[in-house]
Amino acid sequence: MDTAPQSNSQIANPYSSKDAAVRAELSEIDASIRSSALFFTVSAIFWLLAGTVFALITAYKAHEPAFMADGAWSTFGRMRSAHLNAMALGWGNNIIFAIGLWIMARLCRAPIRHGGMLTIAGIFWNVGLTIGIGGIIAGDITSVEWLEIPHYATPLLAISYALIGVWGIVAFKFRKGEHVYVSQWYILAALFWFPWLYVIAQVMIIWFPARGVVQSVTNWWFAHNVLGLWLTPMALATAYYLIPKVLGRPIYSYYLSVLGFWALAIFYNWAGVHHLIGGPIPVWLISAGIVASVMMVIPVIVVGLNHHMSVVGLHKEVWRSPTLRFTVFGAISYTLVSLIGSSMAVRSVNEITHFTDFTVGHAHHGVYAFFSMIMFGGVYYMMPRLLKREWPSATLIKLHFWGSAVGISVMLFALHVTGWIQGLEMNNPDISMLEVVQNSMPWLKARTVSGVLLSFAHVAFAVNFFWMLFAAGAVRAKQGPTLLDSSSKEGAA
Amino acid sequence: MDVDSYIDLMPIILLGVVFFISAIAMLYWSSKRGQLRNFDDQASTIFTEEEPEGEISDSFPSKY
C-alpha cells in the first residue's frame, strides 16, 4: 500500500477555502462552543476571586499570626492550601477548559460535537472542587502538597478530566484539514499528560500509597509536571495562537515553535526531582532531574526568541491591544521564570533557595506572571467573539493590567529577595531561626501589599466581565474595539 | 509497596521511560504525516477570511 505522506502545501486548506461548504465559519465554531466556554469562564472568575480572598488571609497571617486564629478552619495551613487549590484547579483549570478548548475548536476548523459533554464535565469539576476545598477547610486535608484535596472528592475530578480528554480526542479526530498547528500540539499533549499525571499520583500517593521516599518522588514528579506539562503548554498554546492572530503576522519561525514543543515534551518530565535535591533519594535520579532542568533552557530560549521576533516592529500595536498587553507580559515572564527555574536546579544555587520564600516567589512567577497573564489576554480576545459585543470599559482593563503587573512585580521582588536572604542566613549557624524570621517580616508585609494590588486588579476584571456578560443596551450597541491607547477613538472608554 | 531497595523506584522510572517513548512516538507520527515540512506555509494556517493575515484582529469582528 502506498502510504507516502502528502505534503501540507499540497493539501487544500479548508480553513481559508472560498467554498462555504468546505469551510466552517469561525463564527459558527464560536457559537457551537459558546455555552461551555462561558460556563468555564464564569466559574474561573468566581474561583479567582475566592482564591484571592484565601491568598490575602494567608499572606496577612504570615506576618500577623494572631489574625483569624480563633478557629481551626482558618489556620495558615488550611487557608494556604485552599488558596493553592482554588487558584490552580479552580481558576487555572476552568480557564484552560474555556480558552484552550475554544482555541482547539477553532484550529480544528469544525463546530464542536458533544458540547453537552463539556458542560457536564464542567459541572462535575466545579462540584468536585467545591467539595474538595470545603474538605480542606473542614480539616480533611491530605499532607501532600498539590494533592491536598481529600480522597472523597477526587473521583468527581477524575470523571471530569476523562470527559474533557475524550472531547479533545473527538474534536481532533473530526478536524478539517490535515495540518496540526503548534497550539494544537500543545493542547493535545497537555490533555493527554495531565490525566495521566493526576491518576498516577492519586493511585501512588492517596489510594494505594507507596511508602517512604517513593511517595516524595511521585509527589514532586506530579507537582512540577502540573506546572510544566499542564499549565505551561496550555499557556504557550494560547500565546502561539494570540500573538500572530492579533498582529495579523505569522509566527516568526514555525520551525522554532515545533522545536520548542518537542524539547519541552522530551525534557520536562524528568525535571521535577530537583525539588528533592539534598533528600534521601538516589543521587543519580536527582542528577538526571538537574540535567533535564538545565536542558529546558533550549525550549525556553527558542520560545522566547520566537515570541520576541514575532512582535518586533509592532510594539505599539502590542501596547494598544488588551489581549497582547497581557499576553506579551506573560510571554516575557515565561522566559524569565524558566531561566531562573533552571538555575535553581543547580545544586550550589539550590543549597540557598531550598526551604525559603524564593521557591514561593518562583511558583507565583510561573503560575501568575506567566500563566495567568496569558490567560487574561485570552479572555480579552475570546469574549468579544463569543458574545458578539465589546468590552464595556477600557479603564477597567487598564486597572486590571496595572494592578496585576505592578502587584505581581512587587510580590516577586519581595519573595525572591527575602528568600535569598533566608537561604544565606539559614546556612549560617551563627544566626538563629528567630532572627531569620524577624528579618523576613518587612518583605512579607510587602507581599501582602502586592496582594492588595492584585485583589483590586481581579475585582476590576470581574466587574468588566460581568458588565459585558449582562450588558445593557449601550454596551451592546458599542462599535469598534476596546483599545488601550488614548489616541484611539475606536470604542475606547 | 516496600522501600527496602531502590528497585521500588522502578514504577516512577518506568513512567518516565513511557513518557519519553510516547513523546518519541508522537514525533515519529508527526514526521510521517508531513507535519515537519513546509514550515512557512504552516505558520499561516491560522488566518482565515474572517481574520486574515495582515490585519490587526484585536477588534470587534464586524462580520458577525
- Only one of (1) away from chain B (no Cβ under 14 Å); (2) acidic (Asp, Glu); (3) under 29 Å from A:Gly100 (Cβ atoms) does not apply to A:Glu351, and that is (3)
- Item | Criterion (open to solvent by less than 40 Å² (accessible area, probe 1.4 Å) and of a type in the set (Ser, Thr, Tyr)) met by exactly one of A:Ser216, A:Ser183 | A:Ser183
- Hits in the range A:75-104 (condition: in contact (Cβ under 8 Å) with a residue 60 or more places away in the chain and polar (S, T, N, Q)): A:Ser81, A:Asn85
- Message: Criterion first (of a type in the set (Gly, Ala, Ser), open to solvent by 10 Å² or more (accessible area, probe 1.4 Å), within 25 Å of A:Met309 (Cα to Cα) and within 9 Å of chain B (Cβ to nearest Cβ)) does A:Ser253 satisfy it?
- Response: yes
- Residue that is nearest to the other protein chains (Cβ to nearest Cβ) [pool: residues in the range A:19-46 that are outside any helix (DSSP H, G or I) and at pLDDT 55 or above]: A:Glu25
- Answer from A:Gly304, A:Gly403, A:Gly330, A:Gly361 - the residue that is among the small types (Gly, Ala, Ser) and under 15 Å from the mean Cα position of the chain (by Cα): A:Gly330
- Message: On the basis of being of a type in the set (Ser, Thr, Tyr), under 22 Å from B:Pro11 (Cβ atoms) and more than 13 Å from chain B (Cβ to nearest Cβ), does A:Ser287 make the cut?
- Response: yes
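Which residue out of A:Arg211, A:Arg175 is open to solvent by 10 Å² or more (accessible area, probe 1.4 Å), part of a loop (DSSP other than H, G, I, E, B), closer than 20 Å to A:Ser36 by Cα and of a type outside the set (Val, Ile, Thr)? Break it down into steps so the answer makes sense when it comes.
Values: A:Arg211 fails: closer than 20 Å to A:Ser36 by Cα.
Testing whether each residue is open to solvent by 10 Å² or more (accessible area, probe 1.4 Å), part of a loop (DSSP other than H, G, I, E, B), closer than 20 Å to A:Ser36 by Cα and of a type outside the set (Val, Ile, Thr) leaves just A:Arg175.
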- Message: Being in a helix (DSSP H, G or I), in contact (Cβ under 8 Å) with a residue 12 or more places away in the chain, within 11 Å of chain B (Cβ to nearest Cβ) and open to solvent by 10 Å² or more (accessible area, probe 1.4 Å) is the requirement here; does A:Tyr241 meet it?
- Response: no
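The values are calculated or read from the model by the stated rules, or taken from the named source; none is laboratory data. Remember, predicted model here, so these are calculated numbers, not experimental data. Neighbour counts run over all protein chains shown; Cβ positions are idealised from the backbone, glycine included. The area values use the complete protein model at the heavy-atom level, side chains included, leaving out ligands, DNA and RNA. Shrake-Rupley method; radii C 1.70, N 1.55, O 1.52, S 1.80 Å.
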